[in-house]
Amino acid sequence: MALDGIVIANICSELNNTIKGGRLYKIAQPENDELLLTVKTGNGQFRLELSANASLPLVYLVEENKPSPMTAPNFCMLLRKHLNNGRIIGISQPGLERIIDIEIEHVNEMGDLCRKHLITEIMGKYSNIIFCDGNRIIDSIKHVSAQMSSVREVLPGREYFIPNTVSKINPLETNFEEFKDTISSKPMPVHQALYKSYTGLSSLSALQIINDASIDPDIPASCLNNDEVYHLYNIFNNTMDLIKNGDFYPCISYENGIPADFSSLKLSMCSDIAHYDSISSLLRDYYSKKDSVTRIRQKSSDLRKIVSIALERARKKEDIQTRQINDTKDRDKYRIYGELINTYGYNIKEGDKSLSALNYYTNEEITIPLDSSLSPSENAVKYFNRYNKLKRTYEATTIQLKETEDEIAHLESVATSLDIAVSEEDLSQLKMELADSGYIKKTYNNNKKIKVTSKPFHYISSDGYDIYVGKNNYQNDELTFKFAKGDDFWFHAKGMAGSHVILKTNGKKQEEIPDRAFEEAASLAAYYSKGQSQDKVEVDYVLKKEIKKPAAAKPGFVVYYTNYSLIASTDISKLVQCQ
């Protein structure tokens, strides 16, 4: 997990610099597994969130308050009884464990000065918030009985200890000999050997340490020579020194504009990172952006299901129609049979079951089956009727197949648009498109269509050219036929669903525009297409004035007859997107 021991150390360092020495002004429990502490210090008021949520355990400073239940839960009432107006005298982390221990000094009912510990364990589904007096558990936000865990009970009156179930080493206290013995004994890839041997290291932080040491992370650790192990130890030890000294570099790495990972180490192995002065602001940004993507995915699930079902039906229909067309491929044979029977029918005797005749189309001798109960002319009519029936089937089914193929292309383009939707406004426009196409019922508000405010993506190329990307078919049509001028360039992934991309030329001729601008526009067309998961995608581009829209064509469908092509990368991490 990205929220490793190094990030926890960063959080402890930040909390010691902000709320240490402050007093607990309010204690609230907005959720069953979450606390919100309001701390007053000489530098102002801070809100600290402690979450033991199984899917998202966190400890960080928040800016907004959260509503609390009318009746406080028992755990919250207990904390208020003991800790209200208590002073935070320290925030610590044992070793590099994913544990934060907040030590609080308070006056008890007898007027004596006491110290208690509020310990947050950030361990996935085993996360917990435990209130202790020394090593004795007073209570916890989650009770863990012996039936639930054979390792440790978390119940009032029990002893508190940190379970060591995986026998990892504290990286802050290692030395070269121990490091060498630990790493060299592991036959697994060296980056796995690191994070599986030492407490608090994630796969990401291990990869970064390996990268700083310029060692291939996939080399088996047991295959490293003594010099490589010594060099890796020095890099590893330098990283631990940074942690001990509180020298952190909180940052988020992005992949194509989407937050991918975060760390408190400088991610020099990543090309697109954003640095933060505060780990709490990083966590707020990271999880809010991730939450936004997740929320849009959830909200689009119904539309995805509709599109998926429609696509499945259309593809079944396509298979049936293709088989029907294949069944008509011999239709011309029956026409030739009829013609040859009319030509050589005088050679047919009563009761003949076949006719051997020269096919004057191929100059080959062929044998034509006959119905002995029918006359030659009746046999010819029978074959002509079969030919005409197959011909009608072929012509009608060919038209139907073309309509089905257009429907599949349209639905695939909608599916691609759902993948790149980033807001509820984008989903509203897609819902409108599906309604206009008859896949869902139209939605009206006071007999008026819902106003849609979704706008195309807007990027700036490295050379300062404006590039626009349609998020859906309606925007594609708008961009291509209303926004773009005749001398602007139009881009689209070849032979697959994708966005229309417009490169604004500002009246310049093709030879005056840098090649890099064309490559970056093509990369956008490749990324915002069905081929997004590929490294390279072939992209067509042409002057906008060459683009035509057939009459009665579906939204986003265009034709062009002359074009350029290039192979474009789907990496758009270096492009600047305008807000």
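Relative to the Cα centre, the charge distribution of the chain, modelled as +1 at Lys and Arg Cβ and -1 at Asp and Glu Cβ, gives a dipole magnitude of about 2320 debye. When the Cα atoms of segment 167-248 are aligned to their principal axes, the ranges along those axes come out at 33, 25, 22 Å in descending order.
Relative contact order, percent, of the chain when contacts are C-alpha pairs under 8 Å separated by at least 6 residues?
The normalised contact order for the chain reaches 8 percent.
Between M123, L543, S167, whose Cα lies farthest towards the positive end of the dipole of the chain when Lys and Arg beta carbons carry +1 and Asp and Glu beta carbons carry -1, centred on the Cα centre? Result: L543. What you get for segment 5-140, charging only the Cβ of Lys and Arg (+1) and of Asp and Glu (-1), is a dipole of about 260 debye around the Cα centre. Straight-line cross-link partners of K81 among the lysines, defined as a Cα under 23 Å from its Cα and at least 8 positions apart when in the same chain: K20, K26, K40, K66, K116, K142. Taking the charge dipole of the chain about its Cα centre, with +1 at Lys and Arg Cβ atoms and -1 at Asp and Glu Cβ atoms, the residue from P94, G338, G486 reaching farthest to the positive side is G338.
If the chain linking K389 and R295 were pulled fully straight, counting 0.36 nm for each residue of separation and taking away their Cα-Cα distance, it would gain 28.4 nm. Computed from the Cβ-Cβ distance with R0 of 22 Å, the FRET efficiency linking F161 to N84 stands at 0.20. Label sites at D327 and E512, each approximated as a point 7 angstrom past Cα along Cα to Cβ, lie 6.1 nm apart.
Ordering 192-203, 480-491, 297-308 by mean Cβ neighbour count within 10 Å, with the highest value first, yields 192-203, 480-491, 297-308. Between D487 and K125, full extension at 0.36 nm per residue minus the direct alpha carbon distance yields a gain of 124.5 nm. Projecting the Cα positions of T397, S373, V414 onto the charge dipole of segment 364-419 (unit charges on Cβ atoms of Lys, Arg, Asp and Glu, taken about the Cα centre) puts S373 furthest along the positive direction. Placing +1 on each Lys and Arg Cβ and -1 on each Asp and Glu Cβ, with no other charges, gives segment 314-415 a dipole about its Cα centre of roughly 220 debye.
Bear in mind that the values in this text are calculations on the coordinates, not laboratory data. Small disclaimer: the values here were computed from a predicted structure and weren't measured. FYI the Cβ positions are ideal-geometry reconstructions off the backbone, even for glycines, and counts take in every protein chain you see.
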